[in-house]
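To keep things clear, I will list the structure first and then write my remarks on it.
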Amino acid sequence: MSAAEINAMERTWPSIAPLLYVPHSENDYSRLVAVLDSLIDMVGEDEKHPLASLMEVVGVLIEEYEDEHVPEIAAA
């Protein structure tokens, strides 16, 4: 990554950071799920949508939180 790309990211990050973060609490998790819901409503299944990769990243963050904090339901 070039210095120019990092500088551009530094300028952009403050506006994105409130929506894209690693959840550390139930409240963080709930807010991130709301972000994902909004992205799903906008992007749907359009893999070419400009926000499709963001939707994927948010999904991975949620999945990681669930793997660590949400107990699995035992199979009956």
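No lab work stands behind these numbers, since they all come straight from the coordinates. These numbers were taken from a predicted model, which means no experiment stands behind them.
Add -39500 (n - 2.57) for each DSSP H run of 4 or more in the chain, then divide by its residues: what number comes out at 222 nm, to the nearest 500 deg cm²/dmol? The partial results should precede the final answer.
Numbers: 3 runs with 50 residues, N = 76.
The per-residue figure over the chain is -22000 deg cm²/dmol.
What whole-number volume per residue, in cubic angstrom, does the convex hull of the C-alpha atoms of the range 18-69 give?
On the way: hull volume 3.5 nm³, N = 52.
Spread over its residues, the Cα hull of the range 18-69 gives 67 Å³ apiece.
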